[in-house]
Amino acid sequence: MIRWINNTLGTAAFEDPATAGHEVLDVRSLVDGPANGVAALRERIEAGLTMLQKSGRLIVCCDYGISRSNTIAAAILARREGISFDEAFATTQLQTGEVRMDYGIVQTVRATFDAPNSQPAVAGRVLVTGGTGFLGQWLNRIAGDRFEFVSHRSKDIDLVASPFGLDAVVRKHRPDTIIHLANPRIYNTHEVVGQSLAMLRNVADVCHQHGVFLVWPSSWVVFSGRKNEGEIVIGDDVSPMPYGNYAMSKALSENMLDYLSKAGHIRACILRMTPIYGKGSSLPRFLFRTAEACLAGTPVTTHCYRNGRPKLQLLHASDAAQALALAAAKRPEGKFNIGSMEARTTQDLARIIAEVLGTPFESQEIQLQASVANITLDTTKARNVLQWSPKMNLKEGFEEMFLSQ
């Protein structure tokens, strides 16, 4: 199928029968990625312009009609119409419906048009993906006076589909750091694994292209498969053992950043955080179910597993945001555990909530024939390198969450 950009210029796969009888520019000699030389790119663009001028109609073809064909077609459109490559590229995407073009070849073709961007990154300017979400709002509240934040909502940039929206924002604002908070909205399906990896890879590619440092929050759930080891303390360099789709997405994302870092593709800081709570979030849901039971005067339901009562190392959002801010300021590479002072059983947490709400406490415990991962993250490295430590105690955190207006 030929996808027409305008009345004279289209793209297709080279072996598509629909191209028969049309003037065809074959760009299969080019490769995806950033490896093409400027001379080879310009030769194909100039050849396309000459063919289009002679025949009046041209189809640009690569193997699948996706990356090389559409990128070169955009360049031909830009030259023929006297417009910027970015404008022509946006038109090509809109008219063809193709957003999956290879990021590397697009950047090299752009470089044949534009003088290299001599504007350096702005020190202290931080781009936050998903910046209007729960943690993004806390980050702005905690550190908004220390950084120049550029926040974008997840719905403004489709990070799953391609890196091009983020690339345009980075080229416009020139941040020196990206804090990547955006996540798939639904986080417990098989699909979330692929979406999370696609989002992070697109962010990482943009960071590589522009020399931007990446700060990314992972989660304690990468260790959620450690269910038969009793209560254990986990250091920063312990290998993940995930259980469930959300945990798998975080663990695989950590691995991907490790590979990219070792290859010199990116500089990144991973903050592995325990469960985050605070005003503005509906998680962890156990806290809210407990508050509802206390206010209704009904028993709080907790569980006991084969290997003991579950414990949570709750981290207030203000402390999580402070860790993100310190990572953006200090820009250390590697993994850092971020968690509260200690893990508390769900019964202990329920008692504190009842005390905060001023209600009697009554509980009922259900025995479960399964094991639970009781993990405590060792935060020594974060304290030493980031000079970070949690400030909010549980009672104050619950007061802020349940009693403040």
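Does residue 217 satisfy the criteria of being crowded, with 17+ Cβ neighbours inside 10 Å and in contact with a strand residue (DSSP E or B) (Cβ under 6 Å, 6 or more places away or on another chain)?
Details: crowded, with 17+ Cβ neighbours inside 10 Å: yes; in contact with a strand residue (DSSP E or B) (Cβ under 6 Å, 6 or more places away or on another chain): yes.
Spelling it out, residue 217 is indeed crowded, with 17+ Cβ neighbours inside 10 Å and in contact with a strand residue (DSSP E or B) (Cβ under 6 Å, 6 or more places away or on another chain).
Is it the case, given these coordinates, that residue 340 is among the polar types (S, T, N, Q), surrounded by fewer than 23 Cβ atoms within 10 Å (Cβ to Cβ), within 26 Å of residue 143 (Cα to Cα) and touching a residue at least 60 places away in the same chain (Cβ under 8 Å)? Walk me through how you get there before you give the answer.
Values: among the polar types (S, T, N, Q): yes; surrounded by fewer than 23 Cβ atoms within 10 Å (Cβ to Cβ): no; within 26 Å of residue 143 (Cα to Cα): yes; touching a residue at least 60 places away in the same chain (Cβ under 8 Å): yes.
No.
Residue-wise test of (1) at pLDDT 95 or above; (2) β-branched (Val, Ile, Thr).
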{"residue": "107", "(1), (2)": "no, no"}
{"residue": "111", "(1), (2)": "no, no"}
{"residue": "117", "(1), (2)": "no, no"}
{"residue": "120", "(1), (2)": "no, no"}
{"residue": "124", "(1), (2)": "no, no"}
{"residue": "128", "(1), (2)": "yes, yes"}
{"residue": "133", "(1), (2)": "no, no"}
{"residue": "138", "(1), (2)": "yes, no"}
{"residue": "142", "(1), (2)": "no, yes"}
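Which one of these is surrounded by fewer than 17 Cβ atoms within 10 Å (Cβ to Cβ), under 29 Å from the mean Cα position of the chain (by Cα), at pLDDT 95 or above and polar (S, T, N, Q): 380, 298?
Numbers: 298 fails: under 29 Å from the mean Cα position of the chain (by Cα).
From the options 380, 298, the qualifying one is 380.
With the condition being closer than 21 Å to residue 164 by Cβ and not hydrophobic (A, V, I, L, M, F, W, C), I'd like the strands (runs of 3 or more DSSP E) fully within segment 1-81 carrying at least 2 qualifying residues.
Values: elements: 9-13, 24-26, 58-62.
Here the list reads 9-13.
Can you pull out the strands (runs of 3 or more DSSP E) entirely within segment 101-209 that have at least 3 residues that are in contact with a Leu (Cβ under 6 Å, 6 or more places away or on another chain) and in contact (Cβ under 8 Å) with a residue 24 or more places away in the chain? Quick ask: steps written out before the conclusion?
Values: elements: 122-129, 148-152, 175-180.
Here the list reads 175-180.
Scanning segment 301-334 for residues that are over 19 Å from the mean Cα position of the chain (by Cα), part of a loop (DSSP other than H, G, I, E, B) and of a type outside the set (A, V, I, L, M, F, W, C), which turns out modelled with the highest pLDDT?
Going through the qualifying residues, I end up with 313.
For segment 269-300, what are the residues that are closer than 24 Å to residue 226 by Cβ and assigned to a helix (DSSP H, G or I)?
285, 286, 287 - these are the residues of segment 269-300 that are closer than 24 Å to residue 226 by Cβ and assigned to a helix (DSSP H, G or I).
Read through the list (1) closer than 16 Å to residue 128 by Cα; (2) more than 14 Å from the chain's Cα centre (by Cα), then give the number of the only condition that residue 223 fails.
Residue 223 satisfies every listed condition except (1).
Would you pick out the residues in segment 368-392 that are under 15 Å from residue 345 (Cα atoms) and part of a loop (DSSP other than H, G, I, E, B)?
371, 372, 373
The values are calculated or read from the model by the stated rules, or taken from the named source; none is laboratory data. Only a predicted model underlies this, so the values are computations on that prediction, with no experimental measurement involved. Please note: Cβ atoms are built from the backbone with ideal geometry, for glycine as well, and neighbour counts cover all protein chains shown.
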